[in-house]
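Visitor: One structure coming up, written as structure tokens, with questions to follow.
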Amino acid sequence: MAWTWRYEAPDGSEVDPGEAAGGSFPNQSDAESWVGETWRDLLEAGVHAVTLFEEDRKVYGPMGLNPA
């Protein structure tokens, strides 16, 4: 199973974060740890929210990256 993030703009459209993108992960824990470590880089690349997928199944999201 592959776990991936969808990267979203403020309007909900998908954006390409370029080199900040993480690719796929072997499990949910690795995917969540990665986004926890790189969310600032994603914000700088124009990503405002992320949605987590396991293969084609949406697990949760969108989850905003802007600090509260």
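Visitor: Within the bounds of segment 43-59, is there any residue that is part of a helix (DSSP H, G or I) and either out of contact with any strand residue (DSSP E or B) (no Cβ under 8 Å at 6 or more places or on another chain) or of a type in the set (Val, Ile, Thr) (or both)?
Guide: Yes, segment 43-59 has at least one match.
Visitor: Have a look at Ser33, Ser29, Ser24, Ser13 and point out the one that is hydroxyl-bearing (Ser, Thr, Tyr) and touching a strand residue (DSSP E or B) at 6+ places or on another chain (Cβ under 6 Å).
Guide: Ser24
Visitor: Could you check segment 3-13 and list, in sequence order, the residues that are over 14 Å from Trp39 (Cα atoms) and surrounded by 13 or more Cβ atoms within 10 Å (Cβ to Cβ)?
Guide: Listed by number, the residues that qualify are Trp3, Thr4.
Visitor: Report, by residue number, each residue of segment 14-42 that is in a loop (DSSP other than H, G, I, E, B), surrounded by 17 or more Cβ atoms within 10 Å (Cβ to Cβ) and of a type in the set (Gly, Ala, Ser).
Guide: Gly22 - this is the single residue of segment 14-42 that is in a loop (DSSP other than H, G, I, E, B), surrounded by 17 or more Cβ atoms within 10 Å (Cβ to Cβ) and of a type in the set (Gly, Ala, Ser).
Visitor: Hey, another quick one. Within segment 8-41, restricting attention to residues that are of a type in the set (Asp, Glu) and out of contact with any Lys or Arg (no Cβ under 7 Å at 6 or more places or on another chain), which residue is farthest from Tyr60 (Cα to Cα)?
Guide: Here the answer is Glu19.
Visitor: Would a scan of segment 46-54 turn up a residue that is at pLDDT 95 or above and of a type in the set (Asp, Glu)?
Guide: Among the residues of segment 46-54, at least one is at pLDDT 95 or above and of a type in the set (Asp, Glu), which makes the answer yes.
Visitor: Of all residues in segment 43-65 being surrounded by fewer than 15 Cβ atoms within 10 Å (Cβ to Cβ) and of a type in the set (A, V, I, L, M), which is nearest to Val15 (Cα to Cα)?
Guide: Met63
The values are calculated or read from the model by the stated rules, or taken from the named source; none is laboratory data. All values derive from a computational prediction rather than experimental measurement. Note that we place each Cβ from the backbone using ideal geometry, even for glycine, and neighbour counts take in every protein chain shown.
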